[in-house]
């Protein structure tokens, strides 16, 4: 009886580990900016609404909530917002047009840096990316933890507002943003629409190339899939606004590998004196370091398989 109980306990424990992720994912938002950010949340059609569609996140603040398996949607940060005591107001960037802190099913007005997710998609994998297709308003990084697979870190750590071309720049201070060429000029070749609505016709522009150079793992235009979509299974996710760059020491100690995403990044000094090469740190996280991050999860998978086999033998 004890042997039967022990073997089934092991089996249950192993299956719990193996099937982790069936309950969805925990999203944790952290604000490292020097100002308040108001995250906005939009669930895609057919996806269950999350516990909030928008909230205030003070400097240094953090908030977590659950999303079920099968959920898909997007997150972004609103800046330069003014809300009264009743919660009514507007934001300078990323405004969702609801006139409230809650976005209530409305999306972000460009320019806005977007984090896009599909949980439990094809093969049970989560798919995620950080997109600059609708422009940029603040730095944002997405990192997975506790999952299996590549689980790369992606996003944009560069301050594109400081190096934004004059023809794309909007606002100032906390309400500053950098529009996409599509938003600024409305031309089909920039919007990947009309006769340019296919991957073979819509090519990177000088403006999207600027975004890609600064943020190699982010979507820079509509068909920028190869270096911009990431997958993970059974993970929780950290969304950080204004993430900190690593120290020079840690950067020097990190191995460097050549990738498609990072080869286009050259060492230049931007308007703010920020080295573009610093942004290759993010590309290495999304490629070289991702394989290292996956290693512990592979060990966990092997250990779980061994436990399952032992449990079956003891039955």
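The values are calculated or read from the model by the stated rules, or taken from the named source; none is laboratory data. Here the structure is a predicted model, which means the values were calculated and not measured. In this analysis, Cβ positions are derived from the backbone assuming ideal geometry, glycine residues included, and neighbour counts consider all displayed protein chains.
None of 173, 147, 152 is under 14 Å from the mean Cα position of the chain (by Cα) and at pLDDT below 95 except 152.
Yes or no: the range 23-30 includes at least one residue that is at pLDDT below 95, over 17 Å from the mean Cα position of the chain (by Cα) and either under 24 Å from residue 231 (Cβ atoms) or surrounded by 14 or more Cβ atoms within 10 Å (Cβ to Cβ) (or both). Within the range 23-30, one or more residues are at pLDDT below 95, over 17 Å from the mean Cα position of the chain (by Cα) and either under 24 Å from residue 231 (Cβ atoms) or surrounded by 14 or more Cβ atoms within 10 Å (Cβ to Cβ) (or both). Here residue 46 does not qualify as surrounded by fewer than 15 Cβ atoms within 10 Å (Cβ to Cβ), modelled with pLDDT of 95 or more and part of a loop (DSSP other than H, G, I, E, B). If you check residue 84 against the conditions, is it free of Cβ contacts under 8 Å to residues at least 12 places away in the same chain and either over 18 Å from the mean Cα position of the chain (by Cα) or farther than 21 Å from residue 238 by Cα (or both)? Yes; evaluated as a whole, the condition is true for this residue.
Matching residues to (1) free of Cβ contacts under 8 Å to residues at least 40 places away in the same chain; (2) closer than 18 Å to residue 230 by Cα; (3) under 16 Å from the mean Cα position of the chain (by Cα):
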{"position": "97", "(1), (2), (3)": "yes, no, no"}
{"position": "101", "(1), (2), (3)": "no, no, no"}
{"position": "109", "(1), (2), (3)": "yes, no, no"}
{"position": "116", "(1), (2), (3)": "no, yes, yes"}
{"position": "124", "(1), (2), (3)": "no, yes, no"}
{"position": "130", "(1), (2), (3)": "no, yes, yes"}
{"position": "137", "(1), (2), (3)": "no, no, yes"}
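Of all residues in the range 173-196, those being touching a strand residue (DSSP E or B) at 6+ places or on another chain (Cβ under 7 Å) and not in a loop (DSSP other than H, G, I, E, B) number 4.
Within the range 65-97, the set of residues being surrounded by fewer than 18 Cβ atoms within 10 Å (Cβ to Cβ) and part of a loop (DSSP other than H, G, I, E, B) comprises 68, 69, 70, 84, 85, 86, 87, 97. Which residues, taken from the range 197-217, are in a helix (DSSP H, G or I), touching a strand residue (DSSP E or B) at 6+ places or on another chain (Cβ under 8 Å) and closer than 15 Å to residue 134 by Cβ? Within the range 197-217, just 211 meets the criteria.
Residues that are in contact (Cβ under 8 Å) with a residue 40 or more places away in the chain and part of a helix (DSSP H, G or I) occur in the range 143-160; there is at least one.
Within the range 169-191, restricting attention to residues that are out of contact with any helix residue (DSSP H, G or I) (no Cβ under 8 Å at 6 or more places or on another chain) and in contact (Cβ under 8 Å) with a residue 24 or more places away in the chain, the residue that is nearest to residue 35 (Cα to Cα) is 174. Quickly run through the range 45-69 and pick out the residues that are under 17 Å from the mean Cα position of the chain (by Cα) and farther than 20 Å from residue 100 by Cα. Of everything in the range 45-69, those that are under 17 Å from the mean Cα position of the chain (by Cα) and farther than 20 Å from residue 100 by Cα turn out to be 62, 64, 65, 66, 67.
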